[in-house]
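The structure appears below as structure tokens.
Each value in this text was obtained by applying a stated rule to the coordinates, not by laboratory testing. Just so we're clear, the structure is a prediction, and the values are computed from it rather than from any experiment. Using ideal geometry, Cβ is built from the backbone for each residue, glycine included, and neighbour counts are taken over all protein chains shown.
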Amino acid sequence: MEDQNTIIQDEKPKINWWMNVSILLFVVVFALIGYIIFLLDRYKMTGLPLPTKAIPAVVAPTVVPTVVVPTMSVPLVSANKVEKLNTTNVPVMSLSDSLSKYCLKDTNGQIKISLDRIPVILSQEIKRKYSISDKIECAYPDGNYLIFSFESKGSDPKTYNDVYLYHARSTFMGMNDNFAQLSTFHRIDIADKKVFLRINFPDPLGFTNLGFSIDVFAEKQNEINGTIVRIKKGVVIKTGPAMDLMKKYAKLTPGSSMTEYQLDQEKVTEYEGQLFKLAPQLSQIIQVSNDLYADLDGVVFK
């Protein structure tokens, strides 16, 4: 009897672990579902959007309009090596602007402008060929023009090319005839070069065996501000077809120590017409035309 009781007292109750774990998991899942339902009801009541993962917004690139800065191109009559001169950072300035700002009195009381203040740039080739004064006498405000010379180097006698800077409204000593009006000049074309001629008749229309002179000039204009540069050169005709033509229209003056020829005034117009027709074939005129355009190439507008 005692042994039976002892055996009963030593037995322990067995615990069902799987049942306990299942119950715990059920409670957790139920609580989680309840919490989710609670959150859904809360957001519906408050009208707040449901929390979502933040997605970075794709921003379209802003199109910035391209700003084109206009550049001023200065057309030239011809372009033989002129492009080598750097005028990129040189401001465009009209002749009137230059004269009004930089024509100043020097120590002698003369009104002059420095060569580096005029509205053109002279090439190194021009400076090599000619002697050019560092200062130029001003005519401003009387006429808005400048006149200076290219003096030849190394030649004897010296030769001079007259250089004019002016514009359409410039006046020479109050007169317009030397600039805008070309009634005293005759235009001829030599190849692609346009030049103007004027015969210098001795008074009264007399010629000698020493010859006679013809003024030849070429010019170009800055189309941006209207400044014009004109270069003029004189040609002395002593021999050749032009001299023979003069003798054809002139009469020898008896007793003249200079062998003077007198041109018949009634034939002046006819003589000029024949000479201008002959001019494009004259070697002196062709050479001068080439020289003038080479010099124009060396004068670049600012």
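Brief remarks follow.
- Hz values of 3J(HN,Hα) by residue in the range 284-289 - Karplus curve (6.51, -1.76, 1.60), Gly and Pro given as x: 5, 5, 4, 5, 5, 4
- The distance between label points at residue 114 and residue 200 comes to 3.4 nm (points 7 Å beyond Cα on the Cα→Cβ vector).
- Of 105/302; 129/233; 193/232; 158/193, pairs whose Cα-Cα distance is over 21 Å: 105/302; 158/193
- With neighbours defined as other Cβ atoms within 10 Å of a residue's Cβ, the residues 128, 198, 230 order from fewest to most as 128, 198, 230.
- Cβ crowding within 10 Å ranks 236, 299 as 236, 299, fewest other Cβ atoms first.
- Taking amide H positions as modeled 1.01 Å from N, with prolines and chain starts lacking one, the residues under 5 Å from residue 138 and 5 or more places away or on another chain are 111, 112, 113.
- For residue 227, residues with placed amide H under 5 Å, excluding near neighbours: 95, 222
- Residue exposure sequence - 160, 293 - by fewest surrounding Cβ within 10 Å: 160, 293
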